[in-house]
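The values are calculated or read from the model by the stated rules, or taken from the named source; none is laboratory data. Please read all numbers here as calculations on a predicted model, not as lab measurements. Neighbour counts run over all protein chains shown; Cβ positions are idealised from the backbone, glycine included. For the accessible areas, the whole protein counts, side chains as well, though only heavy atoms, and no ligand, DNA or RNA atoms are used. Shrake-Rupley method; radii C 1.70, N 1.55, O 1.52, S 1.80 Å.
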Amino acid sequence: MTLYLVLVALVAAERLAELVTARRNAAWSLARGGREYGRGHYPAMVALHTALLVGCVAEPWATGRPFLPLPGWPALALALGAQGLRWWCIATLGRRWNTRVIVVPGLPLVGAGPYRLLRHPNYVAVVAEGVALPLVHGAWLTALGFTVLNLALLRVRIGCEDAALTDAGRLRAPASTASAGAPS
């Protein structure tokens, strides 16, 4: 369990690095006239991601589950791959990457890096990590709970991002979801 605690601590440190990066990038975006969307769902997102890390530690400790190599090693590989994808997204977006939804007027939609392959690659990383990180040490209840709640949150978040980009003129508004994810 000690190595797993180190892994979760490293992911927590990575999250703090993300927040520092996001805060710096938000200041850059806002200084250039950026507009923030979706403030209402942001605290729920922070709480859910914090609960994921707590659950990753608490569930195996409380249940006494041992590390099982067959699910554990592949889950670790998937969790590490998710980190790689996440940082590829951050590197590709540069100063435009954020944990908040902030759109800077006049900047074109990014179509490089993983964004040339997927519309929301960072959320692919979030989903993969949310399943894999808990399963490294058998925290399947945490993986299941996070996944269900995260899918509901991502529906709101992606709707918010698409609405923000449509409002900024970077996406065409789909006829069936014109009001989905309206800015809050």
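Quick notes on this structure:
- Estimated dipole of the chain in Debye, rounded to 20 [Cβ of Lys and Arg +1, of Asp and Glu -1, Cα centre]: 560 debye
- Counting protein heavy atoms only, the chain has 70 percent of its accessible area on carbon and sulfur, 1.4 angstrom probe.
- When the chain is treated as a Gaussian network with alpha carbon springs shorter than 10 Å, the biggest mean-square fluctuation among His137, His120, His49 belongs to His120.
- Among the protein heavy atoms, those of Arg119 account for about 140 Å² of accessible surface (1.4 Å probe, every chain in place).
- Span-like helix ranges in the chain, DSSP H, alpha carbon extent 30 angstrom or more, Kyte mean at least -0.5: 2-31, 42-63, 69-93, 140-167
- For the stretch 20-71, the solvent-accessible area with a 1.4 angstrom probe is 59 square angstrom per residue.
- Charge tally in the Cβ shell below 15 Å around Asn122, where Lys, Arg are +1 and Asp, Glu are -1, Asn122 excluded: +2
- The stretch 54-173, relative contact order in percent, only Cα pairs under 8 angstrom and at least six apart counted: 38 percent
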